[in-house]
């Protein structure tokens, strides 16, 4: 049984296969050639964290693939009233063909996979965001024609995005440099993984060092969902970590800019840079649909 719990679990070949499938499904959808690859299949979508892109893209994706998606908020499930996740996993496995969960703890996703008997897809946890990063890699490859040999740069918090981008970039043949303040580093397990790639990974304290010769610059909000009470403290810690015109002069002239959205203009990115790269950013957002359709077909067909 294969799952998408975190990109650390997937091989480079898994990632490549899903990206190729995402390209195929996007082409089919755009040219009136879409096939009902998951006809008769049902995906349960468990949301303990609210979402725009995750819910809409998975729900529309299942519809386009000929299947059915069920929205299951934690308020509607017994899991929200204390039922053990292992019991929920075993019950839902008897009704559904797959589960997508967007939650806080990575351990919940892992437990669903351990006790369930159907594919589990991580729609986001505090540890990682694999679906978003597959869409990011898809977008970069569309625009640049390749991934191998390119340099990715991430500016900001060592959060779920940074964790997943480090793994996804390195497993795709890219190098990656990140810039984050002290005490906001990526997860230790991700740093241990990155060490095995030698000089293809670098971590800096200043964004200017990280951005040099980057082919793609990526950022995210400074305070993620659930961290609203830390917003003032984080704004102070991330002062100087903005993606702006000055920073972009250090990247390659044709560098892309990506943002997983929602964006806080004039905080982590200026409105000018955001709008200059809006086509790339919203193509990235659209590619959540195609990349996630590929994940579902890869795991559930």
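The values are calculated or read from the model by the stated rules, or taken from the named source; none is laboratory data. Here the structure is a predicted model, which is why all the values come from computation and not from measurement. Note: ideal-geometry Cβ built from the backbone for every residue, glycine included; neighbour counts use all protein chains shown.
When residue 183 is tested against (1) at positive phi; (2) not assigned by TED's automatic domain parsing to the domain that holds residue 250, only condition (2) is not met. Conditions: (1) assigned by TED's automatic domain parsing to the domain that holds residue 194; (2) not in a loop (DSSP other than H, G, I, E, B). Residue 86 meets all but one. Number of the miss? Here residue 86 clears every test but (1). Restrict the check to segment 125-138 and report whether at least one residue is in contact (Cβ under 8 Å) with a residue 24 or more places away in the chain, in the same structural domain as residue 227 (by TED's automatic domain parsing) and farther than 24 Å from residue 3 by Cβ. Checked segment 125-138: no residue is in contact (Cβ under 8 Å) with a residue 24 or more places away in the chain, in the same structural domain as residue 227 (by TED's automatic domain parsing) and farther than 24 Å from residue 3 by Cβ. Taking the criterion of being touching a strand residue (DSSP E or B) at 6+ places or on another chain (Cβ under 9 Å) and either assigned to a helix (DSSP H, G or I) or more than 16 Å from residue 170 (Cβ to Cβ) (or both), the residues of segment 115-128 that qualify are 116, 118, 119, 120, 121, 122, 123, 124, 125.
Quick one: is residue 181 more than 17 Å from residue 240 (Cβ to Cβ) and either touching a helix residue (DSSP H, G or I) at 6+ places or on another chain (Cβ under 9 Å) or assigned to a loop (DSSP other than H, G, I, E, B) (or both)? So residue 181 does not fit the description; no.
Can you tell me which residue in segment 65-79 is farthest from residue 226 (Cα to Cα), limited to those that are surrounded by fewer than 19 Cβ atoms within 10 Å (Cβ to Cβ) and touching a residue at least 24 places away in the same chain (Cβ under 8 Å)? Out of the qualifying residues, it is 66.
To keep it simple, each residue is scored yes or no on (1) outside the structural domain of residue 66 (by TED's automatic domain parsing); (2) more than 25 Å from residue 123 (Cβ to Cβ); (3) surrounded by fewer than 15 Cβ atoms within 10 Å (Cβ to Cβ).
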{"residue": "195", "(1), (2), (3)": "yes, yes, yes"}
{"residue": "203", "(1), (2), (3)": "yes, yes, no"}
{"residue": "232", "(1), (2), (3)": "yes, yes, yes"}
{"residue": "262", "(1), (2), (3)": "yes, no, yes"}
{"residue": "272", "(1), (2), (3)": "yes, yes, yes"}
{"residue": "292", "(1), (2), (3)": "no, no, no"}
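You will find that of 110, 142, the residue that is surrounded by fewer than 20 Cβ atoms within 10 Å (Cβ to Cβ), out of contact with any strand residue (DSSP E or B) (no Cβ under 9 Å at 6 or more places or on another chain), in a helix (DSSP H, G or I) and in contact (Cβ under 8 Å) with a residue 60 or more places away in the chain is 142 and no other. Exactly one residue out of 273, 257 is part of a strand (DSSP E or B) and modelled with pLDDT of 95 or more: that is 257.
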